[in-house]
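Reading through the structure tokens given below for one structure.
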Amino acid sequence: MSQLTTHLTYMGLINDSLFNTSTSDDINGSLCEPCIRARKWTTARGYCQNCEEFLCMDCLTVHNNLRLTRSHTILDKHQTPIQRENISTSDICVQICKAHRPEIIKYFCKDHEVPGCTDCMTLNHTSCTKCRIQDVSVGFTETNEFKSVKESLNILLDQLKRMKKDLKENVETMDEMFENVKKEIASLRLLISQHLDMIEEDVTDKVTEVKKKEEAKLKKLVAENEAMTSELAEMLRTIEDASVDNVNSIFVTSKIAKLRMVEMKNDLKRIRKLVSLKTYKFCPSDEIESLLSANTRLGQLTFEFSYSWIENINIKSEASKVNCLLVDSVLLGSDRLVFSDGCNNMILSVDLENHSIVSRYSTSSQPRGITALSQTQVAVTLPAEQKIAVVQIVPTNTILHNIQVSCSYYGISYKNGMFAASRINPGRIDVLNMDGTVLHEIVDTNVKDLTLERPIFVTFGADYESIIVSDFSTNKVSIITFEGQILHSYTHDDLIGPCKVLLTTGGVLLVCARGSDSIHVLSRDLRQRAIIRDGLNIVNPRGLSYCDIRRKLYICNDTVGGGDRNNIVHVCNVGL
């Protein structure tokens, strides 16, 4: 039996005994390969040089009539130079097309970068540029694309594993809160004795309902996380375990993985929005404590804003010549925090698991604002050079290119292929494309009731059609449309020298008040929810980042003459 026959038999596509039916008119005792995939065993009468497949008479007829294949070269048994024994099975792509089972993936659409079977190309990619897998996959394992896919798989898999850990911690926290509430209820019940028997069930049912909803949500998220983790691990294992010679299979797996990762990243974003756990505690009512009444409620569940200091992280590295000036920061995923250090002219990347600096990049001038472009790239403003630098953070800090702009930008934010950037002296907000071309310009002379003196930091609004800006000199935070209309404004006696503005995925706005040593927590329409300050020992906060998954806030100091204090990042638990 030939090598290809043995391979197909091993794959469960054909039976050994069916290869003992050769006739004098067949080609080397071969069967029609399209028929094999359809579980039919028909003797081959020709061989397509382009597809490298043996075909029966019926399949030859169809092959010669299809526009995609009618120009192919067909050989009869006398012309066929290929012996079955000479066909290498190690480089045969045997992956089945999910859209057209049991068709095998043989082609690659260059226009859409999608692998597919003959049916895929005929039905969906008729006018596209197509090629065979074996023609385009040569040397693929040595390309940057393959290395990038493998690296991205590892990164995404690691993020899923870390999210699984965070989900587990949320489950434990949920159970702990539930037990605490039950203890508080039981303690109060002892004080009010028999009367509590009548009303305990009502409040317990309420807290149980809350727990069930949160528990059901977390179980669903855990299941989704495990499913994606398993799928990614299988993809990665397939790539790593595949023979180096089996480049077709590696190519197809990588391409499918690349497409699937886009879906998974969207799923990951969706899960991140849902993963936050509401904190609650039991609050006994004043009435029940003072008076036993049949109509008095035992208490109610309150979902409260809370925060607490956890630890400090020292960011100063051995390469730092002087103490840091952590101008701005941005999170990449839930485990990587990237800083712009204005005193040492560096971009620092910190692993939040072990608090170590994993990479650093020296800039040609002082870096200022920083924003995430993806899970692996950031953009940094270099106002002294009138540039925006695009830096690859993962796997190592490398500048990809500089975007030359027309003025010295300070703050920066990125969404949907656009930058929002601020400049001072004079104050101005611009919306730019990725080439640095100004699409919208916002200046106070064009906007009624708007004063832009020192708009140091900006971020896109929740609708992506507005900009949130903090003005250090006027002590005001405003939301402005691209056309210059003021939607909302916020001032407060405690809001002195506002710096970094950060909009969380849950729609909560955080504002650093550098002059009043506090963080203001606002709603998306700039109504105050809380002020963070007591017990944190923060001084002159300038930059901050918030992780929705870990529920942690990272705050940078900017103290004049602060010395070592400016090397410290405060880490706080914040329940938003």
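Quick notes
- Heavy-atom accessible surface of the chain: percent carbon and sulfur, 1.4 Å: 47
- Here the gap between S317 and R39, fully extended at 0.36 nm per residue and compared with their Cα-Cα distance, gives a gain of 93.6 nm.
- Scattering from the range 383-428 was approximated by placing one identical point on each alpha carbon and applying the Debye formula without solvent; log10 I(q)/I(0) at 0.20 1/Å stands at -0.73.
- Amide N proximity, the range 250-284 versus K217 label position 7 Å along Cα-to-Cβ, cut-off under 17 Å: 268-281
- Dipole moment magnitude, nearest 20 debye, the chain about Cα centre, only Lys, Arg, Asp, Glu C-beta charged: 560
- Theoretical gain in end-to-end length, E169 to R70 [0.36 nm per residue, Cα-Cα removed]: 29.6 nm
- Formal net charge of residues neighbouring V136 (Cβ-Cβ distance under 12 Å; K, R +1; D, E -1): +2
- Normalised alpha carbon radius of gyration of the range 491-576 [divisor 2.2 N^0.38 Å]: 1.02
- Counting only whole DSSP H helices of the chain, there are none at least 30 Å long by C-alpha along their axis and with mean Kyte-Doolittle hydropathy no lower than 0.0.
- Sorted largest first by accessible area at a 1.4 angstrom probe radius, with every protein chain in place, the residues W309, W41 fall in the order W309, W41.
- Inverting the pair-averaged 1/r between distinct Cα atoms of the range 88-178 gives 16.4 Å as its Kirkwood hydrodynamic radius.
- Backbone amide hydrogens, once placed in the peptide plane, bring I399 within less than 5 Å of Q392, excluding anything fewer than 5 places away on its chain.
- log10 of Debye I(q)/I(0), alpha-carbon scatterers only, for the chain at 0.06, 0.07, 0.13 Å⁻¹: -0.47, -0.60, -1.24
- A 1.4 Å probe run over the chain, with the rest of the protein chains in place, finds 47 Å² accessible per residue.
- Overall, the ratio between the Cα radius of gyration of the range 337-465 and 2.2 N^0.38 Å, rounded to two decimals, is 1.07.
- Near L352, the amide H atoms lying under 5 Å from its own belong to R336, L337; only residues 5 or more places off or on other chains count, and H is placed 1.01 Å from N.
- Each listed q (0.10, 0.24 Å⁻¹) maps to a log10 I(q)/I(0) for the range 141-245 from the Debye sum over equal C-alpha point scatterers, namely -0.50, -1.19.
- Exposure check, 1.4 Å probe, all protein chains in place: K415 carries approximately 80 Å² of accessible surface.
- For peptides 358-366, 200-208, sequence by mean Cβ density within 10 Å, most packed first: 358-366, 200-208
- The label point for R260 and the one for R237, both projected 7 Å from the Cα toward the Cβ, are 1.2 nm apart.
The values are calculated or read from the model by the stated rules, or taken from the named source; none is laboratory data. From a predicted model like this one, the values you see are computed outputs, not experimental measurements. As a convention, Cβ positions derive from the backbone with ideal geometry for all residues, glycine included, and neighbour counts pool all protein chains shown. Accessible surface areas use protein heavy atoms only, side chains included; no ligands, DNA or RNA. Shrake-Rupley method; radii C 1.70, N 1.55, O 1.52, S 1.80 Å.
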